[in-house]
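The structure under discussion appears below in the form of structure tokens.
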Amino acid sequence: MSEKSGIVILGIFAADTAYKAKRLPHIAETLMGSGFTLGPGGKGSNQAIAAAKAGGKVTFISRLGNDPFGAMALSAYAEAGVKANVMKMDGVSSGAAFIFVDEVSGDNAIIVAPGAAGLIGIEDVDANRAEIESAAIFMTQLEQPLEAAMHGLSMAKGAGATTIFNPAPARVIPDSIYSLCDFIVPNEVEAAELVGHAIETDDQARAAARTLVDRGAQAVIITLGKRGAYYYHAAGQSEFVPAFAAGNVIDTTGAGDAFLGGFATAISEGQAPIEAVRFGCATAAIAVTRHGTAPAMPSRAEIDALLRSL
């Protein structure tokens, strides 16, 4: 049996239409914005580009519309070095997202319409069985249908790949999914949704992580924004990893995806989980100092330089 290598990511592409303003408008109100960007996005797509730019060998599984947004996606993958195993569909639009960015804090709020990627199914996973079963890492999220995500995690787990599950956007998930996760990586809002209590203190993060491990996950990483990330393993190892500063925060939209892409690349290279969390934090620290999502993802040289400077 050949040695496993590479990262396979199942997820959606969405063209990010990002609007910067002082606040969201009320119903029937029009506000003047202070900035606009259009670029490639979607959690899985962002994670694939982040992982590739961080040095990973990445295959991305998805669906796209046969439209200008789909062409944008394919161009972004070619530029980043992502192998795109995508189905192009006529008569269905590519995914798109509305992103509000607070012009002062850089915080964001997002609405996603997955378009063609909302039709991803078990058949898309089966069509990529050879890639998934030979991969070192399989990662997915919840922007595409849950059934496809669970099928991919089960297939990868059965083949001995390391599985990473980002339960985003927050939603109810079956208990059976936890045992398929070597790493489950929610942010603090998603973790709170899963466990039913707020994640505002270190003790609450510890309690949430223990709950997710008790449900069957091997390890939990809760990303905590400017507080960094918390790692907890079923064997009892745990550590808070602080966030790093790489400059002024401009846009936090792709922070979680940057973290996950960097983390997956580090794990695929054999780094220990805590070091991989540090690598993910460094990736995110650089990404938030830039405009956009996928375009903000840093190169391996930039990540390594930041880590050396710490």
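The values are calculated or read from the model by the stated rules, or taken from the named source; none is laboratory data. Everything numeric in this text was worked out from a predicted model, so none of it was measured. Positions of Cβ are generated from backbone atoms using ideal geometry, with glycine treated the same way; all protein chains shown enter the neighbour counts. The accessibility values were calculated without ligands, DNA or RNA, using every heavy atom of the protein model including side chains. Shrake-Rupley method; radii C 1.70, N 1.55, O 1.52, S 1.80 Å.
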Practice problem: Residues being open to solvent by 10 Å² or more (accessible area, probe 1.4 Å) and either touching a residue at least 24 places away in the same chain (Cβ under 8 Å) or within 28 Å of Ala109 (Cα to Cα) (or both): count how many of those fall in segment 294-310. | Solution: 7
Quiz item: Restricting the search to segment 264-277, which residues are open to solvent by 10 Å² or more (accessible area, probe 1.4 Å) and in contact (Cβ under 8 Å) with a residue 60 or more places away in the chain?
Solution: Ile267, Ser268, Glu269, Pro273
Quiz item: Considering only residues of segment 53-75 that are in a helix (DSSP H, G or I) and in contact with a Ser or Thr (Cβ under 6 Å, 6 or more places away or on another chain), which is farthest from Ala14 (Cα to Cα)?
Solution: Lys53
Self-check item: Evaluation of Gly280 against (1) within 27 Å of Phe100 (Cβ to Cβ); (2) open to solvent by 20 Å² or more (accessible area, probe 1.4 Å) (one fails), failing number
Solution: (2)
Practice problem: Would you be able to say whether some residue in segment 253-262 is under 15 Å from the mean Cα position of the chain (by Cα), in contact (Cβ under 8 Å) with a residue 12 or more places away in the chain, in a loop (DSSP other than H, G, I, E, B) and under 25 Å from Gly81 (Cα atoms)? | Solution: yes
Practice problem: Report yes if Ile222 is without any contact (Cβ under 8 Å) to a residue 60 or more places away in the chain, crowded, with 17+ Cβ neighbours inside 10 Å and under 19 Å from the mean Cα position of the chain (by Cα), otherwise no. | Solution: yes
Quiz item: If Gly236 satisfies every condition in (1) closer than 17 Å to Ala287 by Cβ; (2) modelled with pLDDT under 95 but one, which is the exception?
Solution: (1)
Quiz item: Which of the residues belonging to segment 201-236 are assigned to a loop (DSSP other than H, G, I, E, B) and touching a helix residue (DSSP H, G or I) at 6+ places or on another chain (Cβ under 8 Å)?
Solution: Arg215, Gly216, Ala217, Leu224, Gly228, Ala234
Quiz prompt | Residue count for segment 149-177, restricted to those that are under 20 Å from Ala116 (Cβ atoms) and over 16 Å from the mean Cα position of the chain (by Cα) | solution = 1
Quiz item: Of the residues that sit in segment 243-259 and are open to solvent by less than 30 Å² (accessible area, probe 1.4 Å) and out of contact with any Gly (no Cβ under 7 Å at 6 or more places or on another chain), which one is farthest from Cys181 (Cα to Cα)?
Solution: Thr253
